[in-house]
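J.: One structure, pasted below without further comment.
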Amino acid sequence: MKLMRLYSSGTTVSNLDLASLILRVAAGSFMIYGHGAGKFTKFFSDEPIEFINPFGIGAVATLALVIFAEIICSLLVILGLMTRYALIPLMITMLYAVFVAHGDDPFRQKEMGLLYFFMFLALMLIGPGKYSLDRMIKKRRKTV
């Protein structure tokens, strides 16, 4: 009987909430650990900052914006706090990585940025879910 669930095309709200939590925590954590932490360390090191500057605002400012997205916004996504707003800079950063930083590289170099982009897009569409600070705040406002 339980095997039939594997063939079901439907889902339950509780499964969707759990999937959202898993996706938020995984994507946010991997982004911080795999990408943001190294840039954060580089930003505060004594080495001169060299970073792609396609918008003409300077390498330091561009790196600071990327660090904001990859660390601060990722933390907000993990917590489920202002989730959809936090996803916007992350999605822009991934598009920047794919089309600017790795624009001339083969697809293999762009693949990770695209995977992150589509994870963030999926989160944008399904929302933070039940296990988020956004939901707790919304619930509290209704009771006041």
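Every read-out reported here was derived from the displayed coordinates using simple, explicitly stated rules and does not represent laboratory data. No experiment lies behind these values; they were computed from the predicted model shown. Note that each Cβ is placed from the backbone with ideal geometry, even for glycine, and that neighbours are counted across all protein chains shown.
Residues checked against (1) surrounded by 14 or more Cβ atoms within 10 Å (Cβ to Cβ); (2) farther than 21 Å from G129 by Cβ; (3) of a type in the set (S, T, N, Q):
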residue: V13; (1), (2), (3): no, no, no
residue: T62; (1), (2), (3): yes, yes, yes
residue: I67; (1), (2), (3): yes, yes, no
residue: L79; (1), (2), (3): yes, no, no
residue: L87; (1), (2), (3): yes, no, no
residue: D104; (1), (2), (3): no, yes, no
residue: M112; (1), (2), (3): yes, yes, no
residue: Y116; (1), (2), (3): yes, no, no
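J.: May I ask you to list the residues in the range 40-60 that are outside any loop (DSSP other than H, G, I, E, B) and either touching a Phe, Trp or Tyr at 6+ places or on another chain (Cβ under 7 Å) or of a type in the set (D, E) (or both)? Steps first, please.
T.: Initial filter on the range 40-60 (outside any loop (DSSP other than H, G, I, E, B)): 40-43, 59-60.
Scanning the range 40-60 gives a single hit, A59.
J.: I'd like to check which helices (runs of 4 or more DSSP H) are fully inside the range 81-144 and have at least 1 residues that are within 14 Å of V66 (Cβ to Cβ). Walk me through how you get there before you give the answer.
T.: Numbers: elements: 83-96, 107-126, 133-143.
Ranges flagged: 83-96, 107-126.
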